[in-house]
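Please treat every number below as a calculation from the coordinates, not as lab data. Keep in mind it's a predicted model, so treat the numbers as computed, not measured. So basically every Cβ, Gly included, is an ideal-geometry build from the backbone, and we count neighbours across all protein chains shown.
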Amino acid sequence: MADGTPLVGIIMGSQSDWETMKHAAETLTTLGVPFETRIVSAHRTPQRLYDYATSARGRGLHCIIAGAGGAAHLPGMCASMTPLPVFGVPVESKALKGMDSLLSIVQMPAGVPVGTLAIGRAGAVNAALIAGSVIALHDDAVAAALDAFRQTQTDAVADEPVDA
Ligand code: RP5
C-alpha cells in the first residue's frame, strides 16, 4: 500500500513543459499514486539528470515519466542511467508541433527502451495511466482506482450523438 513515499517520478526539461506534464500529475492524483515532480534538463542541468536517474531506484521510485520538447534527449538519457521503466512524453513544440519531440524520444536503439506516448496532453495522461498500471500490480487500491477510472470513462459515453 502507498504510504505517501513517491512511487513515480515526473520529470520535465523545462518549466514550460509543466502545462503538458501537469496532466500526468493530475491523473496520478486521481489514481491515488504518490509522485514527485522535478525540472531536470538533459542539456541545461546534466548533473541533476545524472543524480536523479542514478538515485531513482534506490529512493523507491517504481517508474519515471519524462516529458521534453524539441531535441528531447531527456527520456532516453534518463533510461540509460536507470533500470526503472521510463515513459516518454513528447511535448508539443512551437516550431514543429512536437514531431521533433516525438521522433527524438521514440527512436531509441534496441537495448535502451523508452515507452513513448502520444504528443501532448494525451501522452501525459496515458503515461500516468501506464505508470498506475505498474503500481497496480502490487497495490489493490490503485488497481481499484484504475478500474473506477475506466468505468467513469465508459459511463460518460452517450449512446447517441446530439447537436452541440
Ligand atoms: C526542452 O526545450 C524542454 O523540454 C522544452 O520542451 C523545450 C523548450 O524549453 P524552454 O526554452 O521553454 O525552457 O529542453
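What the table below lists for this structure:
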| quantity | calculated |
| --- | --- |
| Single residue of the stretch 13-31 satisfying the filter (of a type in the set (Asp, Glu) and over 17 Å from residue 105 (Cβ atoms)) that is farthest from the ligand (Cβ to nearest atom) | 26 |
| Among residues of the stretch 32-49, those that are over 14 Å from the mean Cα position of the chain (by Cα) and either away from the ligand (no atom under 16 Å from the Cβ) or assigned to a strand (DSSP E or B) (or both), counted | 1 |
| Residue in the stretch 105-135 that is farthest from residue 53 (Cα to Cα), counting only those that are of a type in the set (Gly, Ala, Ser) and more than 16 Å from the chain's Cα centre (by Cα) | 110 |
